[in-house]
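> The structure follows.
The values are calculated or read from the model by the stated rules, or taken from the named source; none is laboratory data. For clarity, every value in this text was computed on a predicted model and none was experimentally measured. Counting neighbours? That spans all protein chains shown, and the Cβs are built from the backbone with ideal geometry, glycine included. For the accessible areas, the whole protein counts, side chains as well, though only heavy atoms, and no ligand, DNA or RNA atoms are used. Shrake-Rupley method; radii C 1.70, N 1.55, O 1.52, S 1.80 Å.
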There are 2 protein chains.
Amino acid sequence: MQLRDIGEDALIERLVALVPHDPSPWAGPGDDCAVIDDGHGALRLLKTDALVENVHFTPDAEPHRVGWKAVARVISDFAAMGGKPEHFLITLALPPTLPVAWVEEFYRGIGTCLRKFGGYLAGGETSSVPIGSAAVISIAATGKVERDEWVLRSTARAGDAILVTGKLGGSLAGKHLDFTPRAEQAQWLVKHFKPTAMMDLSDGLAKDLPRLAKASGLGFMLEKSAIPITPGCSLQQALGDGEDFELLITTRPESLAELMESWARHFPELGLTQIGTMTSAGEGGELSGGWDHFKTLGN
Amino acid sequence: MQLRDIGEDALIERLVALVPHDPSPWAGPGDDCAVIDDGHGALRLLKTDALVENVHFTPDAEPHRVGWKAVARVISDFAAMGGKPEHFLITLALPPTLPVAWVEEFYRGIGTCLRKFGGYLAGGETSSVPIGSAAVISIAATGKVERDEWVLRSTARAGDAILVTGKLGGSLAGKHLDFTPRAEQAQWLVKHFKPTAMMDLSDGLAKDLPRLAKASGLGFMLEKSAIPITPGCSLQQALGDGEDFELLITTRPESLAELMESWARHFPELGLTQIGTMTSAGEGGELSGGWDHFKTLGN
């Protein structure tokens, strides 16, 4: 059996059984980030992410936009748990023929994003890949989240409203390289209308909503006609393109009207749209599609 | 200018100037790991590392040995600062045609090493690389070090004895895949004979000793005839092969005799050898060679 036959989620389930885990119930694989409880102050977040040439960016993409994307993806994951970034480690596996100027512009993009959203470079590693191999950029970062602002993807409740920020679909037209992580909105949410569950949309609603539902032990009823779609895109693209980096939120129905009204005043330029309702497990609809690394590329 | 024209150390110097750093004087790029002071308890260590197919391992290497190596390298870095591993994040960028069994065996190797030396899997990320591209494995980890056991590479003093553990050279014959990180020895050293400076030998003595000297603002006098060489290897291999993962230690000359005597009782099967003396900057000898990622592969 090859990786393309199994898919990303099933692979991860098999692998995590093979290695020791932290006995702390808050740590471990499965959510947007790992959560570590040191026993004092805020909780610590750990996250790793990778960008691969010809998968996440093309060789002709402007390198400062690739650098922005590399760290913005991680900032988006921290935001989706209610947290903020702290220290970044940058690992580069690059062909020796790459221009030094490319790497410098890439780092400038990282710097621009870190200055805007917070976070420091703490270290890194550079390695070569054989000439002809794809460049691989791996970002590891630590973050923190206040104990009372921490949001998981596994804590939605039946009857919760399902919301998304912004518009979905069409990321490949350029947005995937210069999206704005919804860090400000996520911080506002956890302080004023703490969601019951939250994650960021990285692999497309069709993949990520079922993940949130499965993690919460629930089903979902999706109102496809309500999905906010990027102009020029189809519903299929909104469901499956991936790399939207919008927030997927569930919230108690009784606070929905006040949330929507307050959101519109605070973020008049960014939509917040109800697209469905969480149901008990086994009820609701189904969704398939979205981005699967090994299956999408391997077939 | 391409990466192969500039080399790894010069590249890193140019890049770190482009991004924000932690204002804390203990954090930041340059040593084996980044050191973070949370203000309470032990110091936190952060480290990232990468293994590239056809650079750090061949496609026919047994995957559980590759997994062992992937985390043992990081454990060796923590050990060299006097620290211990805590949480690991594993990032895999793999071709979709790779057998699932390969990845499972690789994770078993990680598990074996973590059970032996401590540390937990906290999370990870899998991505695909285009078919034909080299697989890239990136490991990020957090560790900790007690405040009074922390050792840098930049704090050697002129007149210090230079020591290495074990024997150098010949890693490619197999040792690079199943070396033992000198974690036990490093812990013993920082508790009983705290070195003035320490690092692990990853790119070969010819590259790493000048790095330690430069970081400390010193020179060095190397006694080449004293270097402990792996049987069957040449002096050139001992200096330049890299991936020895032995400890490079500096220590005050007045405690040397007692250290050597006590070491021999505690670690009778592992050599500890004086190979030279730290000098003031500008004095001493020179060394060149060793492994440079971009130059060695790119020419």
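> Shape call for chain A from the C-alpha gyration tensor, a ≥ b ≥ c root eigenvalues: rounded (a/c under 1.5), prolate (a/b greater than b/c) or oblate?
Details: a/c = 1.43, a/b = 1.37, b/c = 1.04.
Cα axes put chain A in the rounded bin.
> Rounded to the nearest 500, what is the protein assembly as shown's calculated 222 nm mean residue ellipticity when only DSSP H runs of at least 4 contribute -39500 (n - 2.57) each, over all residues?
-9500 deg cm²/dmol
> Ignore the peptide's own chain and count Cβ atoms of other chains within 10 Å of each Cβ in B:51-62; give me the average, rounded. Before the final figure, lay out the partial values.
Working: counts 2, 8, 4, 4, 6, 2, 0, 0, 0, 0, 0, 0.
Across B:51-62, the average partner-chain Cβ count within 10 Å equals 2.
> Let me ask something else about it. Would you please classify the overall shape of region B:141-299 from the alpha carbon gyration tensor, given that a ≥ b ≥ c denote the square roots of the eigenvalues, rounded means a/c under 1.5, and beyond that prolate means a/b larger than b/c while oblate covers the rest? Kindly include the intermediate steps, with their values, before the conclusion.
Working: a/c = 1.39, a/b = 1.19, b/c = 1.17.
Since a/c stays below 1.5, the shape of region B:141-299 is classed as rounded.
> Would you please give the residues with an amide H less than 5 Å from that of B:PHE57, counting only those at least 5 places away or on a separate chain, with H modeled from the backbone geometry?
HN-HN under 5 Å from B:PHE57: B:VAL52.
> Measure off, as a whole percent, the carbon and sulfur share of the 1.4 Å-probe accessible area of the protein assembly as shown, all protein chains present. Display every interim value, and only then the final one.
Values: 11210 of 22080 Å².
The C+S portion of the solvent-accessible surface of the protein assembly as shown is 51 percent.
> Here's a follow-up. Output the relative contact order of chain A, whole-number percent, from Cα pairs under 8 angstrom with separation of 6+ residues. Numbers along the way, then the final one.
Details: 634 pairs, mean separation 67.9, N = 299.
This gives 23 percent for chain A.
> Continuing with the same structure: Just order B:129-138, A:249-258 by mean Cβ neighbour count inside 10 Å, highest at the front, would you?
Details: B:129-138: 22.1, A:249-258: 16.8.
Going by the mean number of other Cβ atoms within 10 Å, highest first, we get B:129-138, A:249-258.
> Using Cα atoms only, what is the angle between the long axis of helix B:100-117 and the major principal axis of chain B, expressed in degrees (0 to 90) to the nearest 10?
With both axes taken from Cα atoms, the answer is about 30 degrees.
> Plugging the Kirkwood radius over Cα pairs into Stokes-Einstein for region A:31-149, at a temperature of 20 °C and a viscosity of 1.002 mPa s, what D comes out in µm²/s?
Numbers: Rh = 14.8 Å.
Calculated translational D: 145 µm²/s.
> Continuing with this model, one more query. Using a 1.4 Å probe on protein heavy atoms only, how many Å² of accessible area do A and B hide from each other, summed over both chains and rounded to 100?
On the way: alone 14270 and 14220 Å², together 22080 Å².
For A against B, buried area totals roughly 6400 Å².
> Taking accessible area as the heavy-atom solvent-accessible surface of the protein chains with a 1.4 Å probe, which residues of region B:110-143 lose no less than 50 Å² upon going from the isolated chain to the full protein assembly?
B:TYR120, B:LEU121, B:ALA122, B:GLU125, B:THR126, B:SER127, B:SER128, B:PRO130
> Give me a single rounded figure for B:83-94: the average over its residues of other chain Cβ atoms within 10 Å of their Cβ. Working shown, then result.
Working: counts 0, 0, 0, 5, 9, 5, 11, 5, 8, 7, 14, 5.
Counting other chains' Cβ atoms within 10 Å and averaging over B:83-94 gives 6.
> Would you list which aspartates and glutamates come within 18 Å of B:LYS194, measuring only between C-alpha atoms, while excluding same-chain residues fewer than 8 positions from it?
Excluding near neighbours in sequence, the set is B:ASP31, B:ASP32, B:ASP77, B:GLU146, B:ASP148, B:GLU149, B:ASP160, B:GLU184, B:GLU246, B:GLU254, B:GLU258, B:GLU261.
> Using a basic spin-label model with each label point 7 Å from the Cα along Cα→Cβ, how many nm lie between B:ILE131 and B:LEU172?
3.1 nm
> 5 Å is the cut-off here: which amide hydrogens, built 1.01 Å from N in the peptide plane, fall below it relative to A:GLU246, excluding neighbours closer than 5 in sequence?
Answer set, sorted by chain and number: A:LEU201.
> Accessible area per residue, 1.4 Å probe, Å², for region A:161-298: what's the number?
Solvent-accessible surface per residue comes out at 41 Å².
> Also: Would you list which lysines come within 22 Å of B:LYS116, measuring only between C-alpha atoms, while excluding same-chain residues fewer than 8 positions from it?
B:LYS47, B:LYS69, B:LYS84, B:LYS144, B:LYS175, B:LYS191
> Continuing with the same structure: Once the Cα atoms of helix B:63-80 and of chain B are each reduced to a long axis, what angle between those two axes, in degrees from 0 to 90 to the nearest 10, is obtained?
Tilt relative to chain B: about 30 degrees.
> What's the FRET efficiency of B:GLU223 with B:ALA158 using the Cβ-Cβ distance as r and R₀ = 22 Å, to the nearest 0.05?
Working: r = 16 Å, r/R0 = 0.74.
For B:GLU223 and B:ALA158, the calculated efficiency is 0.85.
> Given contacts defined as C-alpha pairs under 8 Å and at least six residues apart, what's the relative contact order of region A:31-149, whole-number percent?
41 percent
> Helix A:183-192 sits at what angle to the longest principal axis of chain A, using alpha carbons and giving 0 to 90 degrees rounded to 10?
30 degrees
> Between rounded, prolate and oblate, where does the protein assembly as shown land on the alpha carbon gyration tensor, with a ≥ b ≥ c its root eigenvalues, rounded for a/c under 1.5, else prolate if a/b exceeds b/c? Walk me through the intermediate numbers first.
On the way: a/c = 2.06, a/b = 1.89, b/c = 1.09.
Note, shape of the protein assembly as shown comes out prolate.
> Would you calculate the separation in nanometres between label points at B:MET1 and A:ALA281, each defined as 7 Å from the Cα along the Cα-to-beta-carbon direction?
5.9 nm
> Here's another thing I want to ask about it. Could you let me know the centre-to-centre spacing of region B:220-280 and region A:108-164, using Cα atoms, in angstrom?
41 Å
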